[in-house]
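As structure tokens, the structure follows; a few thoughts come after it.
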């Protein structure tokens with residue numbers, strides 16, 4: 001794992017109108033790529049004055065309020081969309097309403113723990129935390145606006161030097177994770193995905209990872225494990241009552257359907273991109289974002305995530321998400337080491 005010498009703690013950030021459409025297959029809480037991108041943008045803002053290098057970001061959600069509704073008593077939810085501006089304002093369309101802006105938004109309250117590679121003493125940590133929190137106020141996170149910091153000590157940013165001894169690090173993290181409650185931390189569970197894929201391939205040799213992902217994230221209603229036995233001839237005679245020849249009601253329990261239990265609060269999680277083309281030289285593809293960066297066509301890459309209470313996590317390393325890029329295979333993704341610490 002990457003060396004970790006300090007951690008920047010940004011508690012209880014309130015984000016308004018964050019993007020909730022994070023991939024082509026799912027919607028909900030922003031993907032880890034949004035938070036690693038935010039940490040990278042913050043590192044670049046502080047590079048000139050501090051020059052600290054970040055190594056990962058831990059994500060804890062305290063509150064999540066998606067902007068959805070049930071119009072006309074529909075069974076499914078729809079996003080609350082807006083017209084910006086309300087009227088088009090063009091010459092012959094000035095009385096016509098504008099088109100709806102297709103987007104999904106959510107308000108959320110989160111805490112971030114950003115790992116720092118470089119060493120910081122206590123005095124520098126205090127100044128660095130204040131500078132970082134001031135820079136955060138003018139940034140955007142997952143497309144949303146960060147609201148001004150609330151008053152109080154619990155809302156102040158902290159920068160802590162990570163202890164060198166293993167026992168001291170555990171004690172330090174136990175004290176820090178109390179400030180993350182109540183809330184849930186987002187971690188990666190590729191081990192669950194791999195185990196479920198092996199189970200499905202025993203039943204169907206052509207099963208693939210997407211089948212396992214959908215199976216783990218879907219809601220399954222299952223019938224009772226055993227069906228009632230068919231009564232024999234003597235039992236059938238006893239089923240007739242003394243008054244008439246009507247048959248008594250069947251003893252089959254029709255309410256025995258159950259919902260399959262999951263091993264945890266599992267969610268589909270877009271974690272990055274996989275290349276679907278060759279890596280083109282800078283400027284070779286027209287209309288690219290810039291002519292100084294190599295270009296490649298990609299598609300979304302999904303994995304399995306889990307929401308875990310912070311009191312179940314024993315180390316800071318298990319909480320951090322890091323970026324990983326392999327240009328040879330075309331895999332650009334975020335990884336988390338929570339499963340390796342179990």
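Only the coordinates and a few stated rules stand behind these numbers; no lab work does. It should be emphasised that the depicted structure is a prediction, and the values quoted were computed from it without experimental measurement. Virtual Cβ from ideal backbone geometry, glycine too; neighbours counted across all protein chains shown.
Answer rounded, prolate or oblate for segment 6-190, using the Cα gyration tensor with square roots of eigenvalues a ≥ b ≥ c: rounded when a/c is under 1.5, else prolate when a/b is larger than b/c, else oblate.
Working: a/c = 2.67, a/b = 1.90, b/c = 1.41.
It comes out prolate by the Cα gyration axes.
With each run of n ≥ 4 DSSP H residues scored as -39500 (n - 2.57), what mean residue ellipticity at 222 nm is computed for the chain after dividing by its residue count and rounding to the nearest 500 deg cm²/dmol? Before the final figure, lay out each step's value.
Working: 6 runs with 71 residues, N = 342.
Rounded to the nearest 500, the figure is -6500 deg cm²/dmol.
What is the fewest-to-most order of 333, 178 by other Cβ atoms lying within 10 Å of their Cβ? Numbers along the way, then the final one.
Values: 333 21, 178 9.
Least crowded to most crowded, the residues run 178, 333.
Taking the simple approach of a point 7 Å from Cα along Cα-to-Cβ for both residue 211 and residue 16, what is their distance in nm?
In this crude label model, residue 211 to residue 16 measures out at 4.8 nm.
For the chain, find the longest principal axis of its Cα atoms and tell me its angle to the long axis of helix 166-177, 0 to 90°, nearest 10.
For helix 166-177, the angle is close to 80 degrees.
Using Cβ counts within 10 Å as a stand-in for footprinting exposure, how do 334, 80, 217 rank, fewest first?
Working: 334 24, 80 13, 217 17.
Taking fewest neighbouring Cβ atoms as first place, the list is 80, 217, 334.
What does the extension gain come out to for residue 290 and residue 131, with contour length at 0.36 nm per residue minus their alpha carbon separation?
Working: separation 159, 0.36 × 159 = 57.24 nm, distance 3.06 nm.
Here the segment from residue 290 to residue 131 would lengthen by 54.2 nm.
To the nearest 10 degrees, how steep is helix 190-203 against the longest Cα principal axis of the chain, on a 0 to 90 scale?
Between the helix axis and the principal axis of the chain, the angle is about 30 degrees.
Gain in length, residue 165 to residue 195, computed as 0.36 nm per residue apart minus the alpha-carbon separation, to one decimal in nm?
On the way: separation 30, 0.36 × 30 = 10.80 nm, distance 3.46 nm.
Extending this stretch completely gives an extra 7.3 nm.
Once you sort the root eigenvalues of the Cα gyration tensor of segment 88-217 as a ≥ b ≥ c, which label holds: rounded (a/c under 1.5), prolate (a/b larger than b/c) or oblate (the other case)?
Numbers: a/c = 3.01, a/b = 1.07, b/c = 2.82.
In terms of gyration-tensor shape, oblate.
At a Förster radius of 25 Å, what calculated FRET efficiency corresponds to the Cβ-Cβ distance of residue 220 and residue 340, to the nearest 0.05? Display every interim value, and only then the final one.
Working: r = 29 Å, r/R0 = 1.14.
Calculated transfer efficiency: 0.30.
Taking the simple approach of a point 7 Å from Cα along Cα-to-Cβ for both residue 153 and residue 259, what is their distance in nm?
4.2 nm
Hey, fewest Cβ within 10 Å first, where do 197, 320 land in order? Mind dumping the intermediate values first?
On the way: 197 18, 320 27.
Lowest count first: 197, 320.
Going 7 Å from the Cα of residue 25 along its beta-carbon direction, which residues of segment 173-193 have the amide nitrogen within less than 17 Å of the resulting point?
Label zone hits: 188-193.
Using the alpha-carbon atoms, what tilt in degrees (0 to 90, nearest 10) does helix 122-136 show relative to the longest principal axis of the chain?
70 degrees
Please compute the modelled spin-label separation between residue 145 and residue 75, points set 7 Å along Cα→Cβ, answer in nm with one decimal.
Result: 3.8 nm between the two label points.
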